[in-house]
Amino acid sequence: MNKYVNYYNRKTLEEIDFKKPGKKALIYGFSAIALGVFGCLLAPLANLNIYSEGNLFLAVVIGLVIFGICFSSYLKLKRLNTAKISVLANVKEIESKLFVENSVLPETTLIGITKDNQLFVMGRNEDERYFTFIANHKYLHFSEAYLGQKQKEDLEQTLQGQKKFYVIKESL
């Protein structure tokens, strides 16, 4: 399911921050490794028996797993930031295609993130047709969007304010 971040306008798009949560995720990952290694280094100093050293080694492994999760989130946020830069570089083309050529209503246009972690700008015109620009770290693509009933309801609830916008965090 799509995660809607905010209503579309240039200022809102510029304010969306993917760098800060990305850096935070990376710091959490390195902190997990550091805590695991620090715990493993304390084992000989504390004269722990062999079973306790195994538990501390397990802490290092858990730290590596946590680092993997945090690093994955960091990479996703980094790709989303690259996609945001791509969208900002082509904002005139996006607004021309959406608002001029396809008569999309500005008040029904949202910025969001797909389940594949791609940034999109989607809007609806008077004929209930949906148009979207999808951007990832490699390309920017425009097409008409065909939404299922559940997706249409989700979009409507978001537009009417019944559903809150998604808050971008380090745990993407």
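The values are calculated or read from the model by the stated rules, or taken from the named source; none is laboratory data. Everything quoted here is computed from the prediction, not taken from an experiment. All Cβ positions, glycine included, derive from the backbone under ideal geometry; neighbour counts span all protein chains shown.
Checking each residue of the stretch 113-135 against the condition of being farther than 17 Å from ASN9 by Cβ and of a type in the set (Gly, Ala, Ser) gives no match.
For the stretch 80-94, what are the residues that are charged (D, E, K, R) and crowded, with 18+ Cβ neighbours inside 10 Å? Steps first, please.
Looking only at the stretch 80-94, we keep the residues that are charged (D, E, K, R), and these are 84, 92-93.
Answer for the stretch 80-94, where residues must be charged (D, E, K, R) and crowded, with 18+ Cβ neighbours inside 10 Å: just LYS84.
Comparison of GLU144, GLU153, GLU128 shows that the only residue that is assigned to a strand (DSSP E or B) and in the same structural domain as VAL91 (by TED's automatic domain parsing) is GLU144.
Listed by first and then second residue, the pairs with beta-carbon distance under 6 Å, at least 6 apart or on different chains, first residue in the stretch 70-98 and basic (Lys, Arg), second in a helix (DSSP H, G or I), are LYS78/GLY22. Out of TYR130, TYR146, TYR139, one residue alone is within 30 Å of ALA25 (Cα to Cα) and aromatic (Phe, Trp, Tyr). It is TYR139.
Whether a residue is basic (Lys, Arg) and either at pLDDT below 90 or in contact with a Phe, Trp or Tyr (Cβ under 7 Å, 6 or more places away or on another chain) (or both) was assessed, and LYS76 does not pass this test. Of the residues in the stretch 22-38, at least one is farther than 24 Å from VAL167 by Cα and exposed (fewer than 15 other Cβ atoms within 10 Å of the Cβ).
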